[in-house]
Amino acid sequence: MKHWILSREGSLSIILVIWLFNSCVLKLKYASLVDIFKNYFSCFKDKEGHLLIAPLLNYMILPILLAGIIARENPISETIQNILTVLISILTSMLFALLTTIIQMKAKIKEDLDYYSIEANTSKQALIETYYIVMFEITMCVSVLILCLVNLFTGQLSWVFSFLIYACSFLVIFNLLVVVKRIFRVIDTDMNK
């Protein structure tokens with residue numbers, strides 16, 4: 001028992017149990033991601049509040065399926081993991097900068113009296129949804145970094161870690177397309193004004 005507790009797997013298991021206990025039993029909300037995921041999924045609902053299947057398929061299911069296929073065929077190597085860590089770190093800082101831009105764009109729309117009400121509502125909604133998606137993307141980026149660090153700590157490049165790292169990475173990449181489209185919608189509305 002003492003050897004298991006001191007092993008990598010034992011230490012990680014204890015950390016996971018403590019985290020789950022604090023989150024589920026004690027209901028600590030300091031690092032709760034529930035709101036981020038709820039708001040992210042709200043971006044893929046129609047006006048009646050029903051979840052749309054096509055966007056969910058494109059931006060959630062396909063990246064996860066792709067991650068499963070690639071993880072099975074080509075488990076993550078240390079080289080890929082190092083490259084991903086650098087790219088995700090850069091992307092995370094870029095996404096935080098984008099949050100500042102989104103807030104500034106929303107403030108500009110509020111202040112600009114020349115915006116027609118329909119254009120303003122469309123732009124505000126696109127910015128709110130973009131904010132939710134960027135927050136989801138940041139969460140996925142941080143998850144990739146944590147998984148890479150844990151993988152580095154354990155020294156085992158398992159299929160599970162490969163799948164989780166690939167899944168989070170592909171979720172980030174696929175959802176970047178949504179961010180680009182929504183930012184395009186706001187800027188296009190502004191340019192054609």
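The values are calculated or read from the model by the stated rules, or taken from the named source; none is laboratory data. Computed from a predicted model, the values in this text were never measured in an experiment. Note that each Cβ is placed from the backbone with ideal geometry, even for glycine, and that neighbours are counted across all protein chains shown.
If you go through the stretch 143-160 and keep only what is under 17 Å from the mean Cα position of the chain (by Cα) and within 15 Å of Ala67 (Cβ to Cβ), you end up with Ser143, Val144, Leu147, Cys148.
Can you tell me which residue among Ile138, Ile165 is part of a helix (DSSP H, G or I) and touching a residue at least 60 places away in the same chain (Cβ under 8 Å)? If you could, list the steps in order and put the result at the bottom.
Values: Ile138 fails: touching a residue at least 60 places away in the same chain (Cβ under 8 Å).
Of the residues listed, the single one that is part of a helix (DSSP H, G or I) and touching a residue at least 60 places away in the same chain (Cβ under 8 Å) is Ile165.
Looking only at residues of the stretch 113-149 that are at pLDDT below 85 and among the polar types (S, T, N, Q), we find that the one that is nearest to Phe170 (Cα to Cα) is Gln125.
Number of residues in the stretch 24-50 that are over 19 Å from Met140 (Cα atoms) and in contact with a Ser or Thr (Cβ under 9 Å, 6 or more places away or on another chain): the value is 1. Among the residues of the stretch 40-52, those identified as surrounded by 14 or more Cβ atoms within 10 Å (Cβ to Cβ) and at pLDDT below 90 are Cys43, Phe44. The residues on offer are Glu119, Glu111, Glu129, and the sole one that is out of contact with any Phe, Trp or Tyr (no Cβ under 7 Å at 6 or more places or on another chain), in the same structural domain as Ile173 (by TED's automatic domain parsing), over 30 Å from Ala67 (Cβ atoms) and surrounded by 14 or more Cβ atoms within 10 Å (Cβ to Cβ) is Glu119. Would you check if there is a residue in the stretch 53-65 being assigned by TED's automatic domain parsing to the domain that holds Leu176, out of contact with any Phe, Trp or Tyr (no Cβ under 7 Å at 6 or more places or on another chain) and modelled with pLDDT under 85? Checked against the condition, which is being assigned by TED's automatic domain parsing to the domain that holds Leu176, out of contact with any Phe, Trp or Tyr (no Cβ under 7 Å at 6 or more places or on another chain) and modelled with pLDDT under 85, the stretch 53-65 yields no hits at all. Whenever a residue of the stretch 52-70 is among the hydrophobic types (A, V, I, L, M, F, W, C), its partners that are surrounded by 14 or more Cβ atoms within 10 Å (Cβ to Cβ) and part of a helix (DSSP H, G or I), lying with C-beta atoms within less than 6 angstrom and at least six residues away or across chains, give the pairs Ile64/Ala167; Leu66/Phe170; Ala67/Phe163; Ala67/Tyr166; Ala67/Ala167; Ala67/Phe170; Ile70/Tyr166. Checking every residue in the stretch 105-125 against the condition of being within 19 Å of Phe37 (Cβ to Cβ) and in a helix (DSSP H, G or I) gives zero matches.
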